[in-house]
Amino acid sequence: MFQTRRARVDPDINVGRIRSRIVRNMIGQYDCFTEDSRSEEIFFVDPYQKFFFSMLDSVCEFRLGFGDFINEETGELDEEFFSTRRTDVVLPVFRVIYTVRHHRGKGIQRRVLEEIKGVADECGESFAIFADPFKISGFGRELNASEALVKFVQNGYEQTDNWMDDLYKQRKRFLELGFINAKCVHATLTEPFQHFVYISKNARKEEQELLESLQVHYYHKHYEAGVNEAMPSGGLNM
């Protein structure tokens, strides 16, 4: 948050076109940028240059599919299929957060996610997030968040060197923060165990019920012994 100056807002950001109430509320809280006026993604840069994060406008779809009504034991359709009203929920996505190396270990990611959760509760909108630990591609060490953002946009990103262990820690952090693991039909490059949502305390009852019905549970068998059996590897983020 800014204490001494107004946040910079990229002129390419058309606030009137933003559908997500969460994203609209975050404009002006941080310096914010987008790659062009048609992009769904907005980058937010910490005024103290410790981190940046980005959010995608309402693009992530959650809905009950045909397979959700198949009885696992009989292979037949449950009666619930014929009585359930199918609804879709389209959510904004907290896509990425990156902390500059020398500011890590200070709880920054947790603090930012708590802040976004607070905004979500205030405006009654849930949001999605994907567990997919990454490092910025390319050489050299960025000294601040702005340098890191430029490098991220220009070079892209790749999986971390210890991706499976980092994934376990990130999933654990999301669950501790009150996110639930939920199936997302929109995601094509990630696996269900990577999909999470935060259900706003003030979301519509129908939205809460749908997202809760999509909840799935995973565990990491024998993690302490170093055996990664429960979670297969997945692709990069959305």
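What follows is calculated from the coordinates using simple rules that are stated; it is not laboratory data. Nothing here was measured: the structure is a model prediction, and the numbers come from that model. Don't worry about glycine lacking a Cβ; one is built from the backbone with ideal geometry, like all the others, and counts go over all protein chains shown.
Local charge sum around L175 (other residues, Cβ-Cβ under 13 Å, Lys/Arg +1, Asp/Glu -1)?
In short, +4.
Provide the net charge surrounding I199, with neighbours chosen by a C-beta distance below 9 Å and charges set as Lys +1, Arg +1, Asp -1, Glu -1.
Result for the local shell: -1.
Between beta-carbons, use under 11 Å as the cut-off and find the net charge around G28, counting Lys and Arg +1, Asp and Glu -1.
Residues close to G28 contribute a combined charge of +2.
At 7 Å along Cα-to-Cβ for each site, give me the label-to-label distance between K205 and N155 in nm.
5.2 nm
For the residue pair V216 and K106, what label-to-label distance in nm results when each label sits 7 Å from Cα along the Cα-to-beta-carbon direction?
Between V216 and K106, the label points sit 3.7 nm apart.
Exceeding 22 Å between C-alpha atoms, which entries from my cross-link table qualify? They are K135/K183; K172/K205; K135/K169; K135/K201; K117/K183.
K135/K183; K172/K205; K135/K201
Would you mind putting 175-184, 150-159 in packing order, based on average other-beta-carbon counts within 10 Å, highest first?
My ranking of the peptides, most packed first, is 175-184, 150-159.
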